[in-house]
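One structure is given below, encoded as structure tokens.
Each reported figure results from applying straightforward, stated rules to the coordinates on display, with no laboratory input. Bear in mind that the values here come from a model prediction, so they are computed numbers and not experimental data. Ideal geometry is used to build each Cβ from the backbone, glycine not excepted, and the neighbour counts take in all protein chains shown.
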Amino acid sequence: MKKLLVLLASAVGALAITKQIKDKQAENRLWAEATDSPRS
């Protein structure tokens with residue numbers, strides 16, 4: 001039972017970290033697009 005809880009907690013933690021990374025990448029892309037020099 002303890003192994004299952006540890007596995008579940010690890011999976012939830014990994015998903016949270018993955019979501020944070022994806023959110024940060026999306027924010028960086030938006031920021032880069034907003035601050036990019038205009039193209040003619």
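Here are some notes:
- Considering only residues in the stretch 16-40 that are assigned to a helix (DSSP H, G or I) and hydroxyl-bearing (S, T, Y), the one that is surrounded by the fewest Cβ atoms within 10 Å (Cβ to Cβ) turns out to be T35.
- Scan of the stretch 1-15 for residues that are hydrophobic (A, V, I, L, M, F, W, C) and in a helix (DSSP H, G or I), ordered by number: L4, L5, V6, L7, L8, A9, A11, V12, A14, L15
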